[in-house]
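K.L.:
My questions will all concern the structure given below.
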Amino acid sequence: MFKDLFTNITVLVSLLIFYCQMTNAKPLTRHSPIRRKITVGIAGGLLGNILMYYSISIDTALIDLRHIPLILVAFYGGTLPALLSMLLIILGRMFIAINIPAFTSIILIILVTAASLILAKTTLSKKMKIFLILTFDNFIFSIIVSSLLHDPYTLAYLIPFYSGASYIGGFIAFYVLNVLRTNQMLFKKYKSESTTDALTGLNNYRNFDEKFNDLVKTVIHKKEQLSLLYIDIDFFKKVNDTYGHAEGDEVLKQLGEILQKCSRSFDIISRNGGEEFTVLLRNSSLTEAREAAEKIRRSVEKHSFQLKNNHINVTVSIGVACFRETTDNIYNLIEDADKSLYQAKNTGRNKVCIAVSH
């Protein structure tokens with residue numbers, strides 16, 4: 001019996017790990033898309049049927065942990081995936097045999113599904129919810145099995161064994177799934193942080209570099225143009241010195257928002273470090289890039305940056321370079337845009353300068 005229980009728990013945990021690997025960084029929630037809920041509901045039902053295949057034999061009775069994946073799905077996903085899992089488990093049980101034990105097990109699954117959905121919505125702690133759901137399942141099982149079996153000796157160790165197996169399997173499954181979901185969310189967070197500037201939400205320099213290298217191949221292959229705007233806040237050090245770095249960060253955030261509003265949805269906007277930003281404009285001519293740069297410059301100049309206790313105005317200098325018009329070698333695009341930026345800063349600031357054609 002204990003060997004079979006260990007097999008059941010091993011199968012359960014293995015398939016939970018497999019499921020989490022397949023779903024990557026997208027754990028099931030009550031707000032998940034319907035398609036994902038349907039997919040997970042079907043997966044939960046299939047897992048329940050697999051666990052039925054590994055039933056534990058105790059004299060003439062068979063028990064298993066088919067209710068555990070159903071509880072998990074109901075707990076995290078809500079009604080739709082829970083009902084799908086329930087229906088598949090019911091169909092699987094009827095496929096084995098249609099008799100009184102089958103109907104009683106169907107009643108048990110329906111009641112456990114209802115209890116799981118109700119208790120999952122309560123404000124109780126997660127551990128208490130799990131304990132109450134499993135306790136309800138054990139209680140209903142005890143009533144049903146007592147009505148079917150009249151052998152006190154069998155009942156004396158069948159009911160305690162099922163209850164123990166249910167609690168052990170349930171808490172292990174919830175623990176493993178919770179660890180896996182936490183790892184998924186941390187992976188998603190770290191992945192985002194590795195490519196996104198935490199302050200502005202824009203691409204960071206690493207992501208800019210990757211996207212630029214990817215674009216280089218596409219632009220050359222399709223014989224497109226590629227323009228780059230290199231943007232720097234004028235006298236930003238004075239902002240930090242006067243108002244503090246927290247207020248300086250607020251200026252950077254608001255500038256990031258302005259860049260997003262002034263750019264096309266497919267332009268690649270990045271914070272490359274400090275007060276320097278870039279905008280990559282795919283298939284954009286030099287004229288279009290200059291217009292985009294002027295639009296940004298004017299928008300920043302007119303914008304009143306709201307700080308905690310002040311409203312201030314800042315300006316930006318912008319360098320522009322365009323592959324095929326100012327820059328023959330696409331790998332020199334960043335360097336040319338950077339040079340034109342420094343020309344803008346050295347000749348008065350708050351202006352747009354174009355890279356010298358060569």
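K.L.:
Of the residues Ala82, Ala114, which single one is modelled with pLDDT of 90 or more and within 19 Å of Ser32 (Cβ to Cβ)? It would help to see each step written out before you state the result.
P.N.:
Working: Ala114 fails: within 19 Å of Ser32 (Cβ to Cβ).
None of the others qualify; the one that does is Ala82.
K.L.:
Hey, another quick one. Would you mind stating whether Thr218 is among the hydroxyl-bearing types (Ser, Thr, Tyr) and under 29 Å from Ser304 (Cβ atoms)?
P.N.:
no
K.L.:
Can you name the residue in segment 16-39 that is loosely packed, with under 13 Cβ neighbours inside 10 Å and closer than 21 Å to Leu83 by Cα and, of all such residues, is modelled with the highest pLDDT?
P.N.:
Ile34
K.L.:
Scan segment 67-75 and give yes if some residue there is among the β-branched types (Val, Ile, Thr), in contact with a strand residue (DSSP E or B) (Cβ under 9 Å, 6 or more places away or on another chain) and in contact (Cβ under 8 Å) with a residue 60 or more places away in the chain, otherwise no. First the steps, then the outcome.
P.N.:
The first filter runs over segment 67-75 and keeps only residues among the β-branched types (Val, Ile, Thr), leaving 68, 71, 73.
Add one more test, that the residue is in contact with a strand residue (DSSP E or B) (Cβ under 9 Å, 6 or more places away or on another chain), and what stays is none.
Looking for residues that are among the β-branched types (Val, Ile, Thr), in contact with a strand residue (DSSP E or B) (Cβ under 9 Å, 6 or more places away or on another chain) and in contact (Cβ under 8 Å) with a residue 60 or more places away in the chain, one finds none in segment 67-75, hence no.
K.L.:
Could you check segment 240-280 and list, in sequence order, the residues that are open to solvent by less than 10 Å² (accessible area, probe 1.4 Å) and either of a type in the set (Ser, Thr, Tyr) or more than 28 Å from the chain's Cα centre (by Cα) (or both)? Spell out how you get there, then give the answer.
P.N.:
Applying the first criterion (open to solvent by less than 10 Å² (accessible area, probe 1.4 Å)) to segment 240-280 yields 248, 251-252, 255-256, 259, 270, 277-280.
Correct list: Gly248, Val251, Ser270, Thr278.
K.L.:
Something else: Can you tell me which residue among Leu155, Leu88, Leu80 is outside any loop (DSSP other than H, G, I, E, B), buried (at least 16 other Cβ atoms within 10 Å of the Cβ) and without any contact (Cβ under 8 Å) to a residue 12 or more places away in the chain? Lay out the reasoning, then the answer.
P.N.:
On the way: Leu88 fails: without any contact (Cβ under 8 Å) to a residue 12 or more places away in the chain; Leu80 fails: without any contact (Cβ under 8 Å) to a residue 12 or more places away in the chain.
After applying the criteria, what remains is Leu155.
K.L.:
Related question: Determine whether Lys295 is in a helix (DSSP H, G or I), over 16 Å from Leu341 (Cβ atoms) and open to solvent by 40 Å² or more (accessible area, probe 1.4 Å). It would help to see each step written out before you state the result.
P.N.:
Details: in a helix (DSSP H, G or I): yes; over 16 Å from Leu341 (Cβ atoms): yes; open to solvent by 40 Å² or more (accessible area, probe 1.4 Å): yes.
So Lys295 fits the description; yes.
K.L.:
Now, a different point. Consider segment 300-347. How many of its residues are without any contact (Cβ under 8 Å) to a residue 60 or more places away in the chain and open to solvent by 60 Å² or more (accessible area, probe 1.4 Å)?
P.N.:
Residues flagged as without any contact (Cβ under 8 Å) to a residue 60 or more places away in the chain and open to solvent by 60 Å² or more (accessible area, probe 1.4 Å) within segment 300-347 amount to 14.
K.L.:
Only one of (1) more than 20 Å from Val112 (Cα to Cα); (2) out of contact with any Lys or Arg (no Cβ under 8 Å at 6 or more places or on another chain) is not met by Thr195, so which one is it?
P.N.:
The single condition Thr195 does not satisfy is (2).
K.L.:
Go through segment 232-267 and give me each residue that's touching a helix residue (DSSP H, G or I) at 6+ places or on another chain (Cβ under 8 Å), part of a helix (DSSP H, G or I) and not small (Gly, Ala, Ser).
P.N.:
Phe236, Val239, Asn240, Glu247, Val251, Leu255, Ile258, Leu259, Lys261, Cys262
K.L.:
Considering only segment 184-209, how many residues are in a helix (DSSP H, G or I) and either touching a residue at least 12 places away in the same chain (Cβ under 8 Å) or buried (at least 18 other Cβ atoms within 10 Å of the Cβ) (or both)? Show your work before the answer.
P.N.:
Within segment 184-209, the subset in a helix (DSSP H, G or I) is 184-195, 205-209.
Right, trim to either touching a residue at least 12 places away in the same chain (Cβ under 8 Å) or buried (at least 18 other Cβ atoms within 10 Å of the Cβ) (or both) and you get 184-185, 187-188, 191, 194-195, 205-208.
Adding up the residues that qualify gives 11.
K.L.:
Among the residues of segment 95-139, which ones are open to solvent by 40 Å² or more (accessible area, probe 1.4 Å) and either in contact with a helix residue (DSSP H, G or I) (Cβ under 6 Å, 6 or more places away or on another chain) or small (Gly, Ala, Ser) (or both)?
P.N.:
Our first condition is that a residue be open to solvent by 40 Å² or more (accessible area, probe 1.4 Å); within segment 95-139, this holds for 95-96, 98-101, 103, 107, 110-111, 114, 118, 121-128, 131-132, 135-136, 139.
Scanning segment 95-139 gives Leu111, Ala114, Ser125, Leu132, Phe136.
K.L.:
Also, quick follow-up: In segment 213-231, how many residues are assigned to a helix (DSSP H, G or I) and either surrounded by 15 or more Cβ atoms within 10 Å (Cβ to Cβ) or of a type in the set (A, V, I, L, M) (or both)?
P.N.:
Initial filter on segment 213-231 (assigned to a helix (DSSP H, G or I)): 213-222.
Filter again for either surrounded by 15 or more Cβ atoms within 10 Å (Cβ to Cβ) or of a type in the set (A, V, I, L, M) (or both), leaving 215-216, 219-220.
The qualifying residues number 4.
K.L.:
Of the conditions (1) closer than 22 Å to Tyr205 by Cα; (2) in contact (Cβ under 8 Å) with a residue 12 or more places away in the chain; (3) polar (S, T, N, Q), Ser265 clears all except one; give me its number.
P.N.:
Result: Ser265 fails condition (2) only.
K.L.:
If Val13 satisfies every condition in (1) closer than 27 Å to Met94 by Cβ; (2) assigned to a helix (DSSP H, G or I); (3) modelled with pLDDT of 75 or more but one, which is the exception?
P.N.:
Of (1) closer than 27 Å to Met94 by Cβ; (2) assigned to a helix (DSSP H, G or I); (3) modelled with pLDDT of 75 or more, only one is false for Val13: (1).
K.L.:
Within segment 250-267, identify whether any single residue is under 21 Å from Asn332 (Cβ atoms) and at pLDDT 90 or above, and answer yes or no.
P.N.:
If we filter segment 250-267 for residues that are under 21 Å from Asn332 (Cβ atoms), which is where we start, we get 267.
From what is left, the residues that are at pLDDT 90 or above are 267.
Within segment 250-267 (the criterion being under 21 Å from Asn332 (Cβ atoms) and at pLDDT 90 or above), the answer is yes, since at least one residue qualifies.
K.L.:
Under 9 Å by Cβ, and 6 or more places apart or on different chains, what pairs join a residue from segment 109-125 that is part of a loop (DSSP other than H, G, I, E, B) with one that is among the hydroxyl-bearing types (Ser, Thr, Tyr) and open to solvent by 40 Å² or more (accessible area, probe 1.4 Å)?
P.N.:
Every condition considered, no pair remains.
K.L.:
Given the condition within 17 Å of Asp209 (Cα to Cα) and among the basic types (Lys, Arg), answer yes or no: does some residue in segment 284-296 qualify?
P.N.:
At the first step, the residues of segment 284-296 found to be within 17 Å of Asp209 (Cα to Cα) are none.
No, every residue in segment 284-296 fails to be within 17 Å of Asp209 (Cα to Cα) and among the basic types (Lys, Arg).
K.L.:
Identify all residues within segment 162-183 that are hydroxyl-bearing (Ser, Thr, Tyr) and surrounded by 15 or more Cβ atoms within 10 Å (Cβ to Cβ); write none if there are none. Please lay out each step first, then the result.
P.N.:
Quick first cut of segment 162-183, residues hydroxyl-bearing (Ser, Thr, Tyr) only: 162-163, 166-167, 175, 182.
Listed by number, the residues that qualify are Tyr162, Ser163, Ser166, Tyr167.
The values are calculated or read from the model by the stated rules, or taken from the named source; none is laboratory data. This structure is a prediction, so every number in the text was calculated from the model and none was measured. Please note: Cβ atoms are built from the backbone with ideal geometry, for glycine as well, and neighbour counts cover all protein chains shown. Quick note on the areas: whole protein, heavy atoms, side chains included, nothing else; ligands and nucleic acids left out. Shrake-Rupley method; radii C 1.70, N 1.55, O 1.52, S 1.80 Å.
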